[in-house]
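Down below is the structure, laid out as structure tokens.
Rule-based calculations on the coordinates, nothing more; no lab input. Values in this document were obtained by computation on a predicted structure and should not be read as measured data. Using ideal geometry, Cβ is built from the backbone for each residue, glycine included, and neighbour counts are taken over all protein chains shown.
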Amino acid sequence: MSPERHRLSSDAYADAPKLAVRFVLENIRSGQNVGAFFRTGDAFRIDGIDLCGYTVNPPHRDILKSALGSSEHVPWRGHESALNAIEVLRSEGFQIAVIEQTESSIMLNDWSPKPGEKWAFVFGNEVRGVEHSTTASANIAIEIPQFGVKQSLNVSVCAGIVLWDAALKMGMPIADSIG
């Protein structure tokens, strides 16, 4: 049996150092996918989540099923569109990356954030992906290398892969802040 893990309380989450990352969810139709984003964001203590378009907002029953309470302390805000969210995020100093396969996308392993940068990762609809106008407004498009037949991953699975890579490259939140 492993030693007891130090866990951050819900109350302490707000004051704890955060990974300078936000998720931007554009027209995600599945509340369970949205809940998975909250749970993944909690695991890496991200800055927050921006819910755009018809993406459901907490407290939605499908979010609650997969978020396991994380939607109660991971900061989130709603926006009419991803373009509105991007405007706000840029004013807050965030770089914008769409997670999408495009003609000009770079592979995730080639993405190199500079020290001190803040990044917002835009994830699109489960079927249509990120809207073209949103992609055009981003600083960069990033895709996850894939080697199978489908060349497609569930959107919430993409979030976990991208966030793990970002945490490695940008630095994990400070661990000794956990009490």
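Among Val74, Val34, which comes first, then next, by fewest other beta-carbon atoms within 10 Å? Don't skip to the answer; put the middle values down first.
Working: Val74 25, Val34 28.
Going from sparsest to densest Cβ surroundings: Val74, Val34.
Neighbour counts of other C-beta atoms within 10 Å: give me Glu80, Glu100, Glu87 arranged from fewest to most. Intermediate results must be reported in sequence, preceding the final value.
On the way: Glu80 9, Glu100 20, Glu87 12.
Neighbour counts put them in this order, fewest first: Glu80, Glu87, Glu100.
Residues of region 17-32 with backbone nitrogen within less than 18 Å of a virtual label 7 Å along the Cα-to-Cβ line of Lys150, please, listed as ranges.
29-32
Springs between alpha-carbon pairs under 10 angstrom, Gaussian network model over the chain: which of Glu103, Glu92, Glu126 fluctuates most?
Among Glu103, Glu92, Glu126, the largest mean-square fluctuation in the Gaussian network model of the chain belongs to Glu103.
At what distance in nm do the modelled label points of Glu126 and Glu103 sit from each other, each positioned 7 Å from its Cα along Cα→Cβ?
3.1 nm
How would you rank Ser71, Ser10, Ser137, going from fewest to most other Cβ atoms within 10 Å of each one's own Cβ? Don't skip to the end; give the middle numbers.
Numbers: Ser71 23, Ser10 13, Ser137 16.
Going from sparsest to densest Cβ surroundings: Ser10, Ser137, Ser71.
Output the relative contact order of region 19-177, whole-number percent, from Cα pairs under 8 angstrom with separation of 6+ residues.
Values: 298 pairs, mean separation 43.5, N = 159.
Dividing the mean separation by the residue count of region 19-177 yields 27 percent.
Student exercise: in the chain, how many lysine pairs 8 or more apart or on different chains have Cα atoms under 18 Å apart? The partial results should precede the final answer.
Working: Lys18/Lys114; Lys18/Lys118; Lys18/Lys169; Lys114/Lys169; Lys118/Lys169.
Lysine pairs meeting both conditions in the chain amount to 5.
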